[in-house]
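Q: The following block contains the structure, expressed as structure tokens.
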Amino acid sequence: MVEHSSFDLWIFRSLRRIMRAVDIHSRQLAAEFMITGPQLLCLQTLHEDGPLTTSALAKLIHVSSSTTVGILDRLEGKGWILRERSGHDRRIVLVRITATGEAVLAGAPSLLQDRLATGLRALPEQEQLAIAQSLERIVDLLEMPRRDVAPLLEAGPIIDTHAGGREFPSPIPEKEP
């Protein structure tokens, strides 16, 4: 049986409360402003960093490319973004925010709940920095790759790092040309 820290449940409950608050806020955005949190995040990212490819946008907003495509489809349907082929390389499709999207963004509320945004602004800058760094550390811990498990669906030789880098043949047979 695995022994858990006395902080495990406290931290998990706090994270659940944060996720629930974000979900509720996104639903309120959709009801009042006809835009979801992820859609607003896409518009803000395109405003700040665009034009971008879909994959670059997906990386910046930390959502899968397939989910990003769905979000962009809805934004494009509303006329808030435009997909255009690059003039330098026709294989590349760039996404940019439209003037209508800029107008929506100008009238949209903060991604953060007003209460949270106001509360954070009232804190000393050093405390805001400490909160941001703590949240970033949590993200780092959540995204930390496990070193004791081989990546799934990765073909190639298996290297046993515990046996001095001894290489084993791939368990997946190579396809004939």
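Only the coordinates and a few stated rules stand behind these numbers; no lab work does. Nothing here was measured: the structure is a model prediction, and the numbers come from that model.
Q: Tell me, what HN-Hα J-couplings in whole Hz come from the Karplus equation 6.51 cos²θ - 1.76 cosθ + 1.60 at θ = phi - 60° for each residue of the range 126-131, using x for Gly and Pro?
A: 5, 6, 4, 4, 4, 5
Q: Sticking with this one: Quick one: check the C-alpha center-to-center distance for the range 69-145 versus the range 18-58, whole angstrom.
A: After rounding, the separation between the Cα centres reads 6 Å.
Q: Given the Cα-Cα distance of Glu48 and Ser110 and 0.36 nm per residue of separation, how much length would full extension add, in nm?
A: Working: separation 62, 0.36 × 62 = 22.32 nm, distance 1.45 nm.
In short, 20.9 nm is gained.
Q: Classify the range 40-92: rounded, prolate or oblate, from the alpha-carbon gyration tensor (a ≥ b ≥ c, eigenvalue square roots; a/c under 1.5 rounded; otherwise prolate if a/b is larger than b/c)?
A: rounded
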